[in-house]
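Each reported figure results from applying straightforward, stated rules to the coordinates on display, with no laboratory input. Values in this document were obtained by computation on a predicted structure and should not be read as measured data. FYI the Cβ positions are ideal-geometry reconstructions off the backbone, even for glycines, and counts take in every protein chain you see.
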Amino acid sequence: MSIPPGYAGKVLIIYLDHEASEILPLDRFWKTYEIDPQKWLGGDGVITKILWEDYHTAIDPLDPENEIVIATGPWTATAAPQSGRAMLGCIDPKTGGFSSGSFGWFFPSMLKYAGFDIVILKGKAKRPIYIFIDDQKVLFRDASHLWGKETSETVRMVREELGERYEGEIRVLSISVAGEHLVKYSPPCSDGTSCPGRSGAGTVMGSKNLKAVAVRGTGEVSLFDPHGLLDSSYLAIKSLIEKEPLIKLWREYGATTSLGTAMDWPISGAMLVKNREEADFPHLKNVGCLDCPNPCYHWLQIKKGKYSGLRHLGGHMTFLTVCLRNLGIQEFGEWIYFERLLQELGLDPASFSMTYSWAVDCFERGMLTLEDTDGMTLKRGDAELICEVARRVAYRQGKLGDLLADGVAEASQRIGRGSERIAPHVKGKEYIQRDAKVQALMWSLGALTSPRGGDWLRHHNVWELAFFPEKRDTYLKWIGKTCTEVYKESLERLDMPEGLKKKIFGDSQRVDLEWIESPKGKALFSVWTENLVALFNSLVTCMFGSATMFLMVGIGPTTYSEILNKITGWNTSYDELMRIGDRIFNLQRLFNYRIKGWDHKDDTFADQRAYEPAQMGIYKGRVVPWNEVLQEYYRIRGWSKEGVPTKAKIEELDLGEATKALDLPEEIN
Amino acid sequence: MAEEKVIVFDPLYCSGCMYCMTACSTYHQGSTSLSKSRIHIVRHEGHAIANMMEEDHLIFDLITCQQCDQPYCQYLCPALAIEKDPMTGALKVNHDRCIGCRMCMVGCPFGAILYDSNRKQVLKCELCGGEPQCVRFCISGALKFLPKDLSHLVQRDRFGREKIRHHFKKVEGESR
């Protein structure tokens, strides 16, 4: 098998124990791991396959045996839109199951220009070290003076030490104090900007005594049809920008645009205007990763208040959602300070915020006492207190810091007292809580079925949120259209075969409140979205801009196949690509089933309130029939009643060889 | 001769995505890279290296051939390999004549000419025959392709509008 264009062609395996490295040709590596690039692409697909081959039983995630895989894909570092992404995977320190996260800025592309598609980090270093990948050379350097340093200082020091010839030449993926102190939800951070969030890989890096990975790449990525690629990419970008009504807002205001879709917060502009008073935006446009037509980072400068003078590149969705919803931080300056602080400390915003939020609930109910909290009265809305707790958690300081550093699942088990029943996690991982009865059913279903535990990013179906009845007067008006118009247009533009559309949405051409409210068709739509996410995570490209964002009319599988064919010279189609997504998702499920035994019994919310009738709003008294929804989902997936992929499904996806040893059910639900 | 146009850059609109660079290398080299691009975005990423309350900036700037009227690269070339394209006014390297001495690189005050050791060629912006790919792919609108005698308009327009806004703010403040 020769290496197709679009791949850099080498694999780097690093043995931290001996501080040694090995460079393998990509085709030989593929052969050892039985990876057919046309079946697994790269990124998440390759990570899944590598972890599948390497782990047959559960391991302690903080054991040196756990390996970190950084995988780019054929899309990465080419001239295709949003090509600055890669995936980083390992065994999750929180759940013990599969974990991976997408990250960007310029580390992934630099890695590919250095000539590597995949980097695998094995073992545990005897002393704190960092690695420098200088094109094809690999250097191991002492990092004891960097230990204890926060994110941006680490980046600066590493770049200075390695003798950067011009700024941005060397890219650094580093961990911060939270990773060093083995806080269970710490992501590494690429140049203090983009983190593979939710992956917990920072904790694993900390357990390996690995402070940072730096890379300098000066090479090129070959292409099958460069001019064709440029033309297809140009068309894709143009149609994305013209078709998607929210992109224009997004490019100007960043993630705050999504307030309308994600929050019960009207996007009337009031907040944005107020922000301009309190904060300055020295750039007129957002800032983004490589080749991004709709960048999401906002360069912010706080002008008023306590944090006057603070500068930060961010303003991100997760922070915004957790700050306003779960932490009650209202002031803009405090919100940005919190975001910057968590990035500096290396804490996952969703996990930390949900853990804190849970701790407040426990405190209010008397499940946590002043003795447990080191004398602090926990509450929402107090930014200073929350930041203080974040620091204690990152350093595992005091009783409270140590308790919350393990996350909701472990903390609730440790304190007991009924706190398990209000702990917002699935399979041990926190998720940003949305009540499926009041809000999005598909969103919550995604948290249940996600291969990396309670998490919404492997699903991310915003259809219900976008066309939610309460939202009709807010952001749809903002873009100057009626709900029916937007719904109709979006339905037309949705990159999905007509037959499937009919199955999911029925014949209705208008916003169907009944459809929004009922679970009908949603399992099918969820399956489609999950496959799509697995697909673009393997290419690897970004979620923002894909057909899972905004009104779900972004870049879809049709465009993906068109551009991928220009990069690699293959002849893939819509169906083949979606099947790749399906294959990857199924193997992730099987992986978790094999090492952790996760099946139907684990697809549950720990928080029992999810199963109780809604307490308020127009859906008061409503209950979601979770078991029925899940059973329908299993049936569509081709899984058994217990939520395990069946033999027939495995055969259909060409996974037969790999899964022979497993005793899989025959009967589809 | 057609009207001579040049690439104009507005740093405030730049999103730092470097699509100009990947498009450039893809179009000319047939493979994507940042190091072999004829256009270069210089970056200062203050956000990534400054401590929390330290003031720093995030700045992008452009380095590419300015298509000078008095081109030092052309003067210094001993092989007379740099020629002016009569259609676009771009200074082009005639690779049949080029001897690879890299004297043009010495001459360029901006460092806009680079050397590709794999292909044994000097690379410089030749305006893609009048349709620059970098400008085509600049979605944020930071790069524009304008006639030489209008190339100041972008900066002037922005500066002027800012000045007016500043003035209005002052007047508003006084009237309150």
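Shielding of peptide A:290-301 by partners, expressed as the average count of other chain Cβ atoms within 10 Å per residue Cβ, is 5.
Do any GluC sites (Glu not before Pro) in region B:1-95 lie in a DSSP loop with no more than 14 other beta carbon atoms within 10 Å, and if so, which?
On the way: sites: B:GLU3, B:GLU4, B:GLU45, B:GLU54, B:GLU55, B:GLU83; in loops: B:GLU3, B:GLU4, B:GLU54, B:GLU55.
Those satisfying the criteria are B:GLU3, B:GLU54, B:GLU55.
Between A:SER308 and A:LYS488, the simple spin-label model (points 7 angstrom out along Cα→Cβ) gives 5.3 nm.
Helix-only mean residue ellipticity at 222 nm, chain A, DSSP H runs n ≥ 4 weighted -39,500 (n - 2.57), per residue, nearest 500. What is it?
Working: 28 runs with 266 residues, N = 669.
Result for chain A, helices only: -11500 deg cm²/dmol.
What is the Cα centroid distance between region A:519-555 and region A:164-188, reported in whole angstrom? Cα centroid of region A:519-555 versus Cα centroid of region A:164-188: 29 Å apart.
For region A:123-258, the direction-averaged projected area of the alpha-carbon convex hull comes to 11.4 nm². Label separation (A:LEU662 vs A:GLU514): 3.9 nm, computed from points 7 Å beyond Cα along the C-beta direction.
For the residue pairs A:LYS248/B:LYS148; A:LYS184/A:LYS641; A:LYS488/A:LYS520; A:LYS285/B:LYS163, alpha carbon separations beyond 22 Å are given by A:LYS248/B:LYS148; A:LYS184/A:LYS641. Other protein chain C-beta atoms within 10 Å of residue C-beta, averaged over B:136-142: 6. With the simple spin-label model, which puts each label point 7 Å out from Cα in the Cβ direction, the B:ARG161 to A:GLU331 separation comes to 3.3 nm.
Calculate the mean, over all residues of peptide A:310-322, of how many other protein chain Cβ atoms lie within 10 angstrom of the residue's Cβ.
Whole-number average of other-chain Cβ neighbours for A:310-322 is 2.
Taking every full run of DSSP H in chain A, the ones that stretch at least 18 Å from end to end by Cα along their long axis and average -0.5 or higher on the Kyte-Doolittle scale are A:226-243, A:332-345, A:349-364, A:522-539. Cross-linked pairs A:LYS427/A:LYS647; A:LYS49/A:LYS137; A:LYS243/A:LYS501; A:LYS501/A:LYS601: Cα-Cα separations exceed 21 Å for A:LYS427/A:LYS647; A:LYS49/A:LYS137; A:LYS501/A:LYS601.
Hey, for a label at A:LYS126 modelled as a point 7 Å past Cα toward Cβ, could you say which residues of region A:52-79 have their backbone N under 18 Å away? The answer is A:64-65, whose backbone nitrogens lie closer than 18 Å to the label point. Name all residues of region A:135-170 having a backbone nitrogen under 12 Å from the label point set 7 Å from the Cα of A:ILE23 along its Cα→Cβ direction, giving them as ranges. Of the residues in region A:135-170, A:135-139 have backbone N under 12 Å from the label point off A:ILE23. Here chain B has an Rg and Dmax of 19.3, 70 Å, counting Cα atoms alone. Of the Cα atoms belonging to region A:503-661, the radius of gyration and Dmax stand at 18.0, 55 Å. By the count of other C-beta atoms within 10 Å, a proxy for reagent exposure, A:MET87, A:MET543 are ordered fewest to most as A:MET543, A:MET87. With one equal scatterer per alpha carbon and no solvent term, the Debye-computed log10 I(q)/I(0) for region A:1-108 at 0.11, 0.17, 0.18 1/Å reads -0.36, -0.87, -0.97. Taking a straight line from the alpha carbon of B:LYS120, these lysines sit under 21 Å away, with near neighbours fewer than eight places off in the same chain left out: B:LYS36, B:LYS92. Taking only the alpha-carbon positions of region A:120-163 and ignoring solvent, what does the Debye formula give for the base-10 log of I(q)/I(0) at q = 0.15, 0.21 Å⁻¹? Per q value, in the given order, log10 I(q)/I(0) is -0.41, -0.79. Translational diffusion of region B:8-73 was estimated from the Stokes-Einstein equation, with Rh taken as the Kirkwood radius over Cα pairs; at 37 °C and 0.692 mPa s the coefficient is 239 µm²/s.
Before rounding to the nearest 500, sum -39500 (n - 2.57) across all DSSP H runs of length at least 4 in chain B and divide by the residue total; then give [θ] at 222 nm in deg cm²/dmol. Don't skip to the answer; put the middle values down first.
Numbers: 6 runs with 52 residues, N = 176.
That calculation yields -8000 deg cm²/dmol at 222 nm.
Across all C-alpha atoms in region A:589-643, the radius of gyration and Dmax reach 14.0, 43 Å. To the nearest 0.05, how large is the calculated FRET efficiency for B:ASN94 and A:ASP54 if R₀ is 60 Å and r is the Cβ-Cβ distance? Computed FRET efficiency for B:ASN94 and A:ASP54: 0.65.
Ignoring solvent entirely, what values of log10 I(q)/I(0) come out of the Debye formula for chain A at 0.12 Å⁻¹ when each Cα is a single scatterer? Log-scaled intensity ratios, in q order: -1.41. What's the Cα-based Rg to Rh of region A:371-453, Rh via Kirkwood? Computed over Cα atoms, the ratio is 1.02.
Cross-link reach is defined here as a Cα-Cα straight distance under 13 Å, omitting same-chain residues fewer than 8 places apart; for A:LYS149 the aspartates and glutamates meeting it are A:GLU180, A:GLU344. Among beta bridges identified by DSSP and lying wholly in chain A, the antiparallel ones come to about 75 percent.
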